[in-house]
Amino acid sequence: MTYLTKLASPLGPLSLASDGEAIIGLWLEGQKYFAAGLEVETEERPDLPVFRQAAAWLDACFEKRELPPLPPLAPRGSAFRQRVWKLLLEIPSGKTTTYGALTEKLKAAGVPASPQAVGGAVGHNPISILIPCHRVVGADGSLTGYAGGVEKKRFLLELEGVDLSGLHMPKNGTAL
């Protein structure tokens with residue numbers, strides 16, 4: 001059984017999914033890969049403790065307050081994607097990294113990887129915002145690759161205090 005709830009946010013409605021114990025999904029409205037991999041059988045359960053914990057974290061994030069601990073997270077995906085998502089959790093708030101830098105970290109740990117494979121894993125992150133895929137930028141400083149849209153990526157980075165002066169929109173104005 002998958003449990004669902006919706007939360008309001010400055011980015012618009014957020015949809016959250018849980019297995020009852022951990023967050024398994026968080027999507028922005030209209031996000032690419034929205035609700036990918038969810039079980040067919042779902043139930044609205046806004047009262048779940050893990051949803052309340054996620055809401056408290058998100059409220060603190062959007063209000064620029066000290067962040068409480070993350071709720072339990074259990075993203076579903078291949079072993080490679082799990083490794084990439086774990087690396088995303090290591091990127092400090094207010095900082096960015098590149099697909100290439102993540103690739104090099106994986107290779108240093110003995111995991112075969114390419115920037116394209118890393119980009120695919122980042123793009124399929126099922127728990128947006130909480131697993132901070134928005135902190136990954138292109139090698140040239142472009143704000144590419146955010147399934148929720150480049151403007152939302154920009155909003156989240158600005159919220160975290162990232163200096164965007166060296167970063168830019170992709171040439172076609174959309175995410176890859």
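A few notes on this one:
- All positions within region 141-165 that are part of a loop (DSSP other than H, G, I, E, B) and either without any contact (Cβ under 8 Å) to a residue 12 or more places away in the chain or of a type outside the set (S, T, Y) (or both): G141, L143, G145, A147, G148, G149, E160, G161, V162, D163, L164, S165
- Matching residues, region 1-42, being touching a residue at least 12 places away in the same chain (Cβ under 8 Å), of a type in the set (A, V, I, L, M, F, W, C) and not in a strand (DSSP E or B): M1, L11, A22, F34, A35, A36, L38
- Residues that are closer than 25 Å to V137 by Cα, within 16 Å of the chain's Cα centre (by Cα) and open to solvent by less than 70 Å² (accessible area, probe 1.4 Å) occur in region 36-43; there is at least one.
- Subset tally (residues that are over 17 Å from L156 (Cα atoms) and surrounded by 15 or more Cβ atoms within 10 Å (Cβ to Cβ)) for region 44-55: 5
- Filter pass, G110 being surrounded by fewer than 16 Cβ atoms within 10 Å (Cβ to Cβ), out of contact with any Cys (no Cβ under 8 Å at 6 or more places or on another chain) and closer than 18 Å to W27 by Cβ: no
- The lone exception for G141 - which of (1) in contact with a strand residue (DSSP E or B) (Cβ under 7 Å, 6 or more places away or on another chain); (2) modelled with pLDDT under 95; (3) closer than 16 Å to S93 by Cβ it fails: (3)
- In this structure, G30 qualifies as surrounded by fewer than 14 Cβ atoms within 10 Å (Cβ to Cβ) and within 27 Å of Y99 (Cα to Cα).
- The condition of being basic (K, R) and within 30 Å of L48 (Cβ to Cβ) holds for only one of R154, R135, that being R135.
- Failed item in (1) of a type in the set (V, I, T); (2) closer than 23 Å to T144 by Cβ; (3) buried (at least 20 other Cβ atoms within 10 Å of the Cβ); (4) under 17 Å from the mean Cα position of the chain (by Cα), with T97 passing the rest: (3)
- Leading residue by the ranking (nearest to L4 (Cα to Cα)) among those in region 113-149 that are surrounded by fewer than 16 Cβ atoms within 10 Å (Cβ to Cβ) and small (G, A, S): G120
- Residues of region 127-140 that turn out to be assigned to a loop (DSSP other than H, G, I, E, B), more than 20 Å from G100 (Cα to Cα) and of a type in the set (A, V, I, L, M), as a count: 2
- Near pairs, Cβ below 9 angstrom, 6+ apart or cross-chain, from region 48-75 (on the phi > 0 side of the Ramachandran plot) to any residue that is open to solvent by less than 50 Å² (accessible area, probe 1.4 Å) and in a loop (DSSP other than H, G, I, E, B): K64/E160
- Residue count for region 68-94 satisfying the condition of being touching a helix residue (DSSP H, G or I) at 6+ places or on another chain (Cβ under 6 Å) and open to solvent by 70 Å² or more (accessible area, probe 1.4 Å): 1.
- Search result, residues across region 10-21 that are aliphatic (A, V, I, L, M) and open to solvent by 10 Å² or more (accessible area, probe 1.4 Å): L11
The values are calculated or read from the model by the stated rules, or taken from the named source; none is laboratory data. Bear in mind the structure is a predicted one, so any value in this text is a computation, not a measurement. Neighbour counts are summed over all protein chains in view; Cβ atoms, including those assigned to glycine, are modelled from backbone coordinates with ideal geometry. Ligands, DNA and RNA are excluded from the accessible area calculation, which covers all protein heavy atoms including side chains. Shrake-Rupley method; radii C 1.70, N 1.55, O 1.52, S 1.80 Å.
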